[in-house]
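The values are calculated or read from the model by the stated rules, or taken from the named source; none is laboratory data. It should be emphasised that the depicted structure is a prediction, and the values quoted were computed from it without experimental measurement. Quick reminder, even Gly has a Cβ in these numbers, built from the backbone with ideal geometry, and neighbours come from all protein chains shown.
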Amino acid sequence: MKFLKILSFSAIFTLSAHTYATVGGGQKIEVLGYQEKDKKLYVLRHYEDGRGRLPQLYYYLLNSKSPDKLIEVRSLYINPKTHKIDYDQDSSGFNKAIKKIKKNLTPLIVSNSKTVKIQRLKSHQNQISAWSDPSEKMTQYKTEYVVKSPSLQSKTHIAVHYTKAIKISQNYRVPKQNKRLVVVKYLGVPEETGYDVEDPVLLLPMKK
């Protein structure tokens with residue numbers, strides 16, 4: 001467990017958006033699948049900013065006390081030469097490790113359900129300097145939201161975005177689990193013409 005770090009997703013987003021994202025690209029979520037034996041649901045965050053950073057692997061541990069906590073995997077990023085975390089190393093070893101993980105995963109079930117919706121809880125906006133011209137202003141939105149279905153609901157998530165739209169781009173049911181995974185998409189990188197950011201959101205049964 002020493003290579004795993006449990007983070008709230010707002011912390012993960014801050015790390016991803018401000019530490020790794022550079023000019024020229026967004027972030028996409030690839031849903032890898034569900035490992036039934038260990039009750040792990042894996043997702044991969046791809047960075048499309050041209051830097052060449054390795055995708056970040058996460059999983060949800062569905063049989064834990066906090067199944068909707070996203071767990072960041074760090075063991076795959078240890079550089080064999082320096083023995084330190086290195087997100088910019090050659091991708092061959094990482095790709096082999098991901099391929100091995102995928103072999104043990106069950107795909108999630110794609111859903112077209114229209115009953116899964118985003119509910120905005122709180123939102124405010126600020127005027128910030130525009131990327132193209134600091135003398136110009138642009139609107140930055142900060143929105144707290146949950147994703148709900150008639151019987152399932154996520155915890156509260158936070159999106160920092162630069163157009164009003166927040167939408168669901170992927171929607172899945174977890175096999176043999178009363179849970180659902182969706183991917184939420186918004187314009188989260190304001191540089192150049194703007195780039196979309198995706199976040200995974202896990203829905204659990206509502207507490208009665």
- Task: With respect to Leu62, determine if the residue is modelled with pLDDT of 90 or more, buried (at least 19 other Cβ atoms within 10 Å of the Cβ), over 16 Å from the mean Cα position of the chain (by Cα) and not basic (Lys, Arg).
- Result: yes
- Message: For the condition of a type in the set (D, E, K, R) and either more than 20 Å from the chain's Cα centre (by Cα) or at pLDDT below 95 (or both), what is the one hit in Asp68, Asp88?
- Response: Asp88
- Item | In the range 160-182, residue farthest from Ile109 (Cα to Cα) [restricted to those that are free of Cβ contacts under 8 Å to residues at least 60 places away in the same chain and among the aliphatic types (A, V, I, L, M)] | Ala165
- Note on the structure: Considering the range 119-142, residues that are not hydrophobic (A, V, I, L, M, F, W, C) and not in a strand (DSSP E or B), and then whichever is farthest from the chain's Cα centre (by Cα), we arrive at Ser135
- the range 143-156, residues that are outside any loop (DSSP other than H, G, I, E, B) and not hydroxyl-bearing (Ser, Thr, Tyr): Glu144, Val146, Val147, Lys148, Leu152, Gln153
- Can you tell which of Val160, Val146, Val182 is within 22 Å of Lys122 (Cβ to Cβ) and in contact with a helix residue (DSSP H, G or I) (Cβ under 8 Å, 6 or more places away or on another chain)? Val160
- Query: In the range 126-156, which residues are loosely packed, with under 12 Cβ neighbours inside 10 Å, over 30 Å from Thr115 (Cβ atoms) and of a type outside the set (S, T, N, Q)?
  - Reply: Asp133, Pro134, Glu136
- Can you give me the number of residues within the range 157-208 that are assigned to a loop (DSSP other than H, G, I, E, B) and either of a type in the set (Lys, Arg) or surrounded by fewer than 18 Cβ atoms within 10 Å (Cβ to Cβ) (or both)? 14
- Task: Output the number of residues of the range 73-118 satisfying the condition of being assigned to a loop (DSSP other than H, G, I, E, B), within 17 Å of Lys40 (Cβ to Cβ) and touching a residue at least 12 places away in the same chain (Cβ under 8 Å).
- Result: 5
- Item | The listed residue being modelled with pLDDT of 95 or more, touching a strand residue (DSSP E or B) at 6+ places or on another chain (Cβ under 9 Å) and farther than 16 Å from Val201 by Cβ, out of Lys28, Lys39 | Lys39
